[in-house]
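Right, one structure below, let's go through it.
The values are calculated or read from the model by the stated rules, or taken from the named source; none is laboratory data. Computed from a prediction, not measured in an experiment: that's the story for all the values here. So basically every Cβ, Gly included, is an ideal-geometry build from the backbone, and we count neighbours across all protein chains shown. Accessible surface is based on the protein model in full, side chains and every heavy atom, while ligands, DNA and RNA are left aside. Shrake-Rupley method; radii C 1.70, N 1.55, O 1.52, S 1.80 Å.
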Amino acid sequence: MRSSNPVFSRRGFSRDNGYAGFNTAPQAGGAAVGTQGSPYAQPQGNPYATNPYAQQGLQQGAPPQTPVTTGRMTMDDVVLRTGTTLGILIVTAALAWALLPVDDANIGRSYGIGIGAALIGMVLALVQSFKRTATPALIVSYAAFEGVFLGVVSSIVDNRIASGAAMQAVIGTLAVFAAVLVAYKAGWIRVNRRFYGFVMAAALGFMLLMVVNLLFAAFGGGDGLGFRSGGLGILFGIIGVLLGACFLALDFKQVEDGIAYGAPREEAWLAAFGLTLTLVWIYMEFLRLIAILNSND
């Protein structure tokens, strides 16, 4: 089963590889779920089965145990890489905010630089998403350019539309992250095939509507079908935040399964990259929602 996040649809985070599929965690006292008879059968088994650390415990039907020294991905690795990626993004966003003014005389130049950084970041993200292995330089570069874009856009919204919008969006993003993490760890969110199917269908419909709205706006002028302003804009902003929260739950599941199945330590960069993409999505939806709410005052 593939994650909503394109980064997690690659080796090590894909059902096609027989790993990180839902309901595939090994059960104590029996064979790993995913064998014959399971609705989520994983015909290829654990792709890291050649790794002795990945095999340890799995062949005995027990959860894998982490040895003292391993080459496996751990939660500490994911936290460290995610912190590094987000830290670079925050630093470049702060520099863009400070060095690229958005007053009447400079907004055109600053906005142009921000859009250029966004395009470069998108290309880097696509390149990394299609690579079979994590490339830290690509991931770090993506975070740097994405930070420039977020810094410019946040400055425009904060200074010209709604004072304090950037901080509100940051707080909202952190609140969603914390809430989803608590709900996931407490078992209130069950990430299974039905959940995945619902989220993917909703995300596909959401993205198609946004593309249609963009096309109408490009050729018809204004806000297209009105999905980004007024009451509809508020509704779709809330839906966007909720979808981002669902993506986080899927990402948490993929990371958890990756650790359980003994993914190589390098895969922690992919986890960090995927989580960063989702957090950027949530932040942008919050920022857009705040801008719409204030423009309607």
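Taking the criterion of being over 19 Å from ASN294 (Cα atoms) and β-branched (Val, Ile, Thr), the residues of the range 141-186 that qualify are VAL148, VAL176, VAL180, VAL182. Looking across ASN159, ASN213, one residue alone is of a type in the set (S, T, N, Q), surrounded by fewer than 18 Cβ atoms within 10 Å (Cβ to Cβ) and part of a helix (DSSP H, G or I). It is ASN159. The requirement of being buried (at least 22 other Cβ atoms within 10 Å of the Cβ) and more than 18 Å from the chain's Cα centre (by Cα) is satisfied by VAL152. Among the basic types (Lys, Arg) and buried (at least 21 other Cβ atoms within 10 Å of the Cβ) - does that describe any residue in the range 257-268? No, because not a single residue in the range 257-268 is among the basic types (Lys, Arg) and buried (at least 21 other Cβ atoms within 10 Å of the Cβ).
Considering the conditions (1) on the phi < 0 side of the Ramachandran plot; (2) open to solvent by less than 20 Å² (accessible area, probe 1.4 Å); (3) modelled with pLDDT under 90, MET207 is excluded by exactly one of them, (2).
Here are some conditions: (1) modelled with pLDDT of 95 or more; (2) over 20 Å from the mean Cα position of the chain (by Cα); (3) open to solvent by 40 Å² or more (accessible area, probe 1.4 Å); (4) polar (S, T, N, Q). SER141 meets all but one. Which one does it not meet? Result: SER141 fails condition (2) only. Among the residues of the range 184-204, just one is free of Cβ contacts under 8 Å to residues at least 12 places away in the same chain and open to solvent by less than 40 Å² (accessible area, probe 1.4 Å), namely GLY197. Could you check, for the range 146-153, whether at least one of its residues is within 24 Å of PHE252 (Cβ to Cβ), assigned to a helix (DSSP H, G or I), modelled with pLDDT of 95 or more and among the charged types (D, E, K, R)? Yes, that holds for at least one residue.
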